[in-house]
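The values are calculated or read from the model by the stated rules, or taken from the named source; none is laboratory data. This one's a predicted model, so the numbers in the text were calculated from it and none came from an experiment. So basically every Cβ, Gly included, is an ideal-geometry build from the backbone, and we count neighbours across all protein chains shown. Accessible surface areas use protein heavy atoms only, side chains included; no ligands, DNA or RNA. Shrake-Rupley method; radii C 1.70, N 1.55, O 1.52, S 1.80 Å.
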Amino acid sequence: RRPFAEEEAPAAGHFHGTSFYDCNFPLYGFELLGFFGIEDPPREGVADAVRAAQEAGIAVVMITGDHPATARAIAARVGILDGTRFSEESDIEAQDLEVVIGSQLDGMLPAEDKFSRNDREEVRAFWEKVVVTTKVFARVSPMHKQVIVQAFQHFGKQGVGDIVAMTGDGVNDAPALKQAEVGIVMGIRGTDVAKDAADIILLDDNFRSAVVGIEQGRVASENLQKSIMYTLCSKVPQVAPAFAEVFGVPEAMAAVQVLLLDIGTDIWTAVAYAAQPAEANLMRRRPRHPRLQKMANRAVFIYSYGYIGMMQMGLCWFMYATQTAGIGGFLARHREADGISLDDKDIHHQSMTVYYWTLVLGQVAAAIVTTTKAQPLFGKG
């Protein structure tokens, strides 16, 4: 304890600061009365959840109003700080930015409501380093929390912008929860203001539930992409007969057969992908950034049109030409002025049937091979 003279006390009695460097009151001449310690340990399972999130390519960052030393200790305990990110030869500035306090942010705020090209170069350079290096923000205000979220959204992913999920429970978290792409609030201890600002409410207040939700979201996204890949596979062999007719080939697939194929195989099989379980390594892959990699992207089109689609088309024409009795003579006679005979009509119908059922079986095979993307079809990768 120590009595403060009137000239030593801060204006209006507002004490703030966390160390010898930023306190607004003197830190000398105190009389030691004793020590008092309290512990608010992380909840059980948080460290495992943080590790699971990091393995899934998710950068976990702590934003807290606690003292930097407390924040650093908790972050190290749950695995947000591992103590091995920097070697002795590493950039000293990067090590200093691993834990950032609110007073460091006061002079680095955006000039407007959000970051823009009008910001000073030193502000932009500071945040470009922070979004890559900093894992803990301590002694921050509600405004700081919102600015931190904006910084990751603006400067993250090398300027493309990160997709940010923010967790919180108090009134002070509401601006950041609203700013994030996904605001996650605690259902038990969360305030009504925070719940109104958030997108998702965790009923058990468990960070692990958020990670499980991310996994379910990935499963849904993956299965939707697989459904698109499967559905597009049959389009090449479906449209090929129409182009073949331009070169004098008889109709190999009627419009009613195309509709029957879409209704009988594509729709129901594509819907079944919704129940497809997650692949073994799903939560060990880097997340798909929606601004860099669309759901229907170049790889999907190459797989569906250039790989499976071409294989199906080639197999359909092969079966059409080799498994239809009398197809050679029919192809030579079908454009004669006298018309075609009943036998030729039978051959024509048989050839269309062969083409159709070959494509049906091809779609069954496509449905099977498209169920996995990064692991063996049988067993776990």
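A few comments on the model shown:
- Hey, residue 226 in contact (Cβ under 8 Å) with a residue 40 or more places away in the chain and in a helix (DSSP H, G or I) or not: yes
- Leading residue by the ranking (nearest to residue 5 (Cα to Cα)) among those in the stretch 33-55 that are outside any helix (DSSP H, G or I) and open to solvent by 100 Å² or more (accessible area, probe 1.4 Å): 33
- Residue list for the stretch 244-267, restricted to those being more than 44 Å from the chain's Cα centre (by Cα) and without any contact (Cβ under 8 Å) to a residue 24 or more places away in the chain: 245, 246, 247
- Residues of the stretch 92-127 that turn out to be under 15 Å from residue 154 (Cα atoms), open to solvent by less than 30 Å² (accessible area, probe 1.4 Å) and among the small types (Gly, Ala, Ser), as a count: 1
- Cβ-Cβ under 7 Å pairs, at least 6 apart or on other chains, the stretch 10-27 side assigned to a loop (DSSP other than H, G, I, E, B), far side of a type in the set (Lys, Arg): 18/139
- For residue 122: the one exception among (1) closer than 25 Å to residue 287 by Cβ; (2) part of a helix (DSSP H, G or I): (1)
- The lone exception for residue 132 - which of (1) under 24 Å from residue 76 (Cα atoms); (2) in a helix (DSSP H, G or I); (3) open to solvent by less than 20 Å² (accessible area, probe 1.4 Å) it fails: (3)
- Among the residues making up the stretch 141-154, those that are open to solvent by less than 20 Å² (accessible area, probe 1.4 Å) and over 13 Å from residue 174 (Cα atoms) are 148, 150, 151.
- Members of the stretch 1-32 found to be within 43 Å of the chain's Cα centre (by Cα) and open to solvent by less than 100 Å² (accessible area, probe 1.4 Å), listed by number: 17, 18, 19, 22, 23
- Among the residues making up the stretch 248-264, a single one is among the charged types (D, E, K, R) and open to solvent by 50 Å² or more (accessible area, probe 1.4 Å): 251.
- If only residues of the stretch 265-313 that are touching a helix residue (DSSP H, G or I) at 6+ places or on another chain (Cβ under 7 Å), over 30 Å from residue 162 (Cβ atoms) and among the hydrophobic types (A, V, I, L, M, F, W, C) are counted, the one that is surrounded by the fewest Cβ atoms within 10 Å (Cβ to Cβ) is 310.
- Selection status of residue 299, under 20 Å from the mean Cα position of the chain (by Cα) and among the small types (Gly, Ala, Ser): yes
- For the stretch 25-60, a residue qualifies if it is of a type outside the set (Phe, Trp, Tyr) and touching a Phe, Trp or Tyr at 6+ places or on another chain (Cβ under 7 Å), and the qualifying residues are 27, 46, 49.
- Residue 243 modelled with pLDDT under 90 and aromatic (Phe, Trp, Tyr): no
- Unmet requirement for residue 363, which otherwise passes all of (1) surrounded by 18 or more Cβ atoms within 10 Å (Cβ to Cβ); (2) over 30 Å from residue 217 (Cβ atoms): (2)
- The condition of being at pLDDT below 95, out of contact with any Ser or Thr (no Cβ under 7 Å at 6 or more places or on another chain), small (Gly, Ala, Ser) and part of a helix (DSSP H, G or I) holds for only one of 65, 107, 83, that being 107.
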